[in-house]
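What follows is a short report on a single structure.
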Amino acid sequence: MAERADDEVLRFVERFALDLTGAGFPRMAARVFASLLVADEGRRTASELAEVLDVSPAAVSGAVRYLAQVKLVVRERGPGERRDHYRVLDDVWYTSIIERDAELLGWERTLAEGVAAVGAESGPGRRLDETRRFFEFLRAEIPELMQKWHRQRES
């Protein structure tokens with residue numbers, strides 16, 4: 001029975017990794033992330049990840065580097081431990097969305113420069129400005145949406 005459950009978990013990891021890959025994640029990072037989500041404590045060492053996913057440690061290294069860069073996992077080491085553990089952040093999607101605020105603001109500024117460069121009344125200018133306004137709208141709505149999420153999560 002445990003083997004069947006393990007097989008089902010591995011199938012889930014691969015299916016969810018494919019979903020994430022379809023959304024733009026690098027394939028190995030998606031597999032590592034999904035594997036961390038299903039780990040009992042939400043954390044694993046690089047060697048555990050390599051073993052579970054049947055990949056090389058080098059593949060895991062690149063994947064965790066990407067995941068740490070986009071703030072979906074953290075690297076940690078307990079007192080006296082010799083190996084790093086990679087852990088999925090608590091409330092990972094909330095944190096990820098909040099971290100995007102500065103990125104969205106940067107995109108807005110760059111898009112405004114693009115509008116000025118091509119002319120606000122031109123076709124490209126209108127498209128660029130609509131994109132900028134969308135990001136501006138999104139940034140304004142995210143704080144309330146995240147508060148709503150916390151209220152729902154606590155109930």
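For (1) in a helix (DSSP H, G or I); (2) free of Cβ contacts under 8 Å to residues at least 60 places away in the same chain; (3) open to solvent by 10 Å² or more (accessible area, probe 1.4 Å); (4) not basic (Lys, Arg), each residue gets a yes or a no:
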| residue | (1), (2), (3), (4) |
| --- | --- |
| ALA63 | yes, yes, no, yes |
| ALA68 | yes, yes, yes, yes |
| ARG75 | no, yes, yes, no |
| PRO79 | no, yes, yes, yes |
| ARG82 | no, yes, yes, no |
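Just one of the numbered conditions (1) of a type outside the set (A, V, I, L, M); (2) surrounded by fewer than 12 Cβ atoms within 10 Å (Cβ to Cβ); (3) at pLDDT below 95 is not true of GLY42: (2).
Give the residues of the range 114-130 that are without any contact (Cβ under 8 Å) to a residue 12 or more places away in the chain and under 28 Å from the mean Cα position of the chain (by Cα), sorted by residue number. Once the filter is applied, which keeps residues that are without any contact (Cβ under 8 Å) to a residue 12 or more places away in the chain and under 28 Å from the mean Cα position of the chain (by Cα), the range 114-130 yields ARG127, GLU130.
Would a scan of the range 48-58 turn up a residue that is hydroxyl-bearing (Ser, Thr, Tyr) and surrounded by 12 or more Cβ atoms within 10 Å (Cβ to Cβ)? Steps first, answer last, please.
Initially, the range 48-58 is screened for residues hydroxyl-bearing (Ser, Thr, Tyr), giving 56.
After this cut, where a residue has to be surrounded by 12 or more Cβ atoms within 10 Å (Cβ to Cβ) as well, the list is none.
The answer is no, given that none of the residues of the range 48-58 is hydroxyl-bearing (Ser, Thr, Tyr) and surrounded by 12 or more Cβ atoms within 10 Å (Cβ to Cβ).
The values are calculated or read from the model by the stated rules, or taken from the named source; none is laboratory data. Bear in mind the structure is a predicted one, so any value in this text is a computation, not a measurement. Cβ: placed from backbone, ideal geometry, glycine included. Neighbour counts: every protein chain shown. Each accessible area value is taken on the protein alone, full model and side chains, heavy atoms only, with ligands, DNA and RNA left out. Shrake-Rupley method; radii C 1.70, N 1.55, O 1.52, S 1.80 Å.
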